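Q: First, the structure itself, so that you have it in front of you.
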Amino acid sequence: MIMKWLTRLFVISLLLTAYTVSAQVRTTNLTVYPEYKTSLIQLKDGRVIRQSLTNIFLKNSSLLYMSGTQSMEANMDNIISVKFDDRLYVHIDTLLCYQVDSIGGDALFCATVIDQEAYKQQIRNNVVLSNLSLGDMIGTTTVDLNNEEDYKFPLINIYYYRYKGKFVRTHERNLGHILTKEQKRIMRTFVTMEGFSWTDEKSLMQLLSKLQ
């Protein structure tokens, strides 16, 4: 009876985990661009330098550059922005974020990073109990069911608004610190509407429009 219950619980857990992981974009890459490319880096001391081999690290959305044959992580404390041929990345908090869209002087920015906790969990969840004996001592046998697909990195997007000249994380708690009482009321009403999501760019742009 206990064995049947544990098996059923495991199957339900595995199905839920598989659904969650499949909903995320996953990649085998550790960088945004498949190849290192030239960028213009604006520094806090006012200088703009041209670096021939650079990329964005998906681990923490920081700048990588090639030094000889070694890939190095740049000191983010000195960087304001990084301009590639297709995107301008702005340093917000600890992340390099690109602009998704804008309304007037306000805008939505995004940083894509590896969801490290989800990655560890998906690997752990596919190491299953194949045998469970209950007695004076509990004995188990484990089997690793991971395949090549399971070892891909799940990605998440982290969003920020540039609102009235300030950068703020797109979350009700963070926005509450900079909005007026009336704007907070508008936000709370809007985020309870059907279909709204803090991870959906269309929803976030609609909210930004309401806050104008």
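The values are calculated or read from the model by the stated rules, or taken from the named source; none is laboratory data. In this text, all values refer to a predicted model and were calculated from it rather than measured experimentally. Here the Cβ is made from the backbone with ideal geometry for all residues, glycine too, and neighbour counts use every protein chain on show.
Q: With Asp101, Asp115 as the choices, which residue is under 24 Å from Tyr163 (Cα atoms) and surrounded by 13 or more Cβ atoms within 10 Å (Cβ to Cβ)?
A: None of the others qualify; the one that does is Asp101.
Q: Which members of segment 138-185 meet the condition of being at pLDDT 95 or above and among the aromatic types (Phe, Trp, Tyr)?
A: Those that are at pLDDT 95 or above and among the aromatic types (Phe, Trp, Tyr): Tyr159, Tyr160, Tyr161, Tyr163, Phe167.
Q: Restricting segment 181-212 to residues that are loosely packed, with under 11 Cβ neighbours inside 10 Å and in a loop (DSSP other than H, G, I, E, B), which is nearest to the chain's Cα centre (by Cα)? Spell out the reasoning first.
A: Residues of segment 181-212 that are loosely packed, with under 11 Cβ neighbours inside 10 Å, as a first pass: 181-182, 189, 192-195, 197, 212.
This time we only want the ones that are in a loop (DSSP other than H, G, I, E, B), so: 192-195, 197, 212.
Details: Thr192: 23, Met193: 24, Glu194: 24, Gly195: 21, Ser197: 15, Gln212: 27 Å.
Among residues in segment 181-212 that are loosely packed, with under 11 Cβ neighbours inside 10 Å and in a loop (DSSP other than H, G, I, E, B), the one nearest to the chain's Cα centre (by Cα) is Ser197.
Q: Run down Arg50, Arg26 and say which single residue is at pLDDT 95 or above and not aliphatic (A, V, I, L, M).
A: Arg50
Q: So which pairs qualify, if the first residue must be in segment 79-94 and without any contact (Cβ under 8 Å) to a residue 24 or more places away in the chain, the second must be buried (at least 17 other Cβ atoms within 10 Å of the Cβ) and of a type in the set (Val, Ile, Thr), the Cβ gap must be under 7 Å, and the two must be at least 6 apart or on different chains?
A: Final answer for the pair search is His91/Ile79.
Q: Could you grab the pairs with beta carbons closer than 9 Å, sequence gap of 6+ or different chains, first residue in segment 163-188 and at negative phi and assigned by TED's automatic domain parsing to the domain that holds Gln99, second one surrounded by 15 or more Cβ atoms within 10 Å (Cβ to Cβ) and in a loop (DSSP other than H, G, I, E, B)?
A: Pairs that qualify, where the first residue is at negative phi and assigned by TED's automatic domain parsing to the domain that holds Gln99 and the partner is surrounded by 15 or more Cβ atoms within 10 Å (Cβ to Cβ) and in a loop (DSSP other than H, G, I, E, B), are Tyr163/Leu179; Tyr163/Leu211.
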